[in-house]
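In what follows, a structure is listed as structure tokens, so that the remarks can point back to it.
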């Protein structure tokens, strides 16, 4: 098993594929962590065999796969979610269900989880993958709340113009509920880019608010 794990952790994709397949047959729990990392391989065959091997290991792999739902590598998260589906595993808690939804990038479904999903969404607003980041930011805007406003306002200081635009759109989607906190954040803000973005959002909110009719 140790020799197979070393081969799996190597760089030769043919050796990795063979090692992953063999480890799946053996079903030794010691190989689970390395198989999980192999799901992040750029080689499709290695990823596919690693997923099948973990599925074959089954129940003993579940705790590791649960942690992998929040892995920094998108392919690993996706692979862990696929393993869950193949073994027919149902999340044991609300948090695990949220993590599974994130791994599957089911952003609309995540928003239905409400405030319980906020912390995980915040975690992924800084993801290396642009699509994941955009999905998390948009979902955070739909869920709303104080922590969401603070996080999204913080993204307005980013050097990445796409990230700033995504955060602006998410804050705008929150509507009037975001205004009081944005006003307070603006008072303390020193970053000119952030200040300008907040002012644009507040101006949009003002234009969205219908004028009050004078009393007759």
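The values are calculated or read from the model by the stated rules, or taken from the named source; none is laboratory data. Bear in mind the structure is a predicted one, so any value in this text is a computation, not a measurement. Ideal geometry is used to build each Cβ from the backbone, glycine not excepted, and the neighbour counts take in all protein chains shown.
The conditions are (1) more than 14 Å from the chain's Cα centre (by Cα); (2) surrounded by 18 or more Cβ atoms within 10 Å (Cβ to Cβ), and residue 80 fails exactly one of them. Which is it?
If we test residue 80 against (1) more than 14 Å from the chain's Cα centre (by Cα); (2) surrounded by 18 or more Cβ atoms within 10 Å (Cβ to Cβ), just (1) comes out false.
Which of the helices (runs of 4 or more DSSP H) contained wholly in segment 104-206 include at least 1 residues that are over 24 Å from the mean Cα position of the chain (by Cα), buried (at least 21 other Cβ atoms within 10 Å of the Cβ) and free of Cβ contacts under 8 Å to residues at least 40 places away in the same chain?
Here the list reads 179-188.
Between 67, 109, 73, which is assigned by TED's automatic domain parsing to the domain that holds residue 129 and either modelled with pLDDT of 90 or more or over 23 Å from residue 19 (Cβ atoms) (or both)?
Every option except 109 fails the conditions.
Within segment 29-63, can you find the residues that are surrounded by fewer than 16 Cβ atoms within 10 Å (Cβ to Cβ), within 22 Å of residue 11 (Cβ to Cβ) and modelled with pLDDT under 90?
Passing the criteria: only 30.
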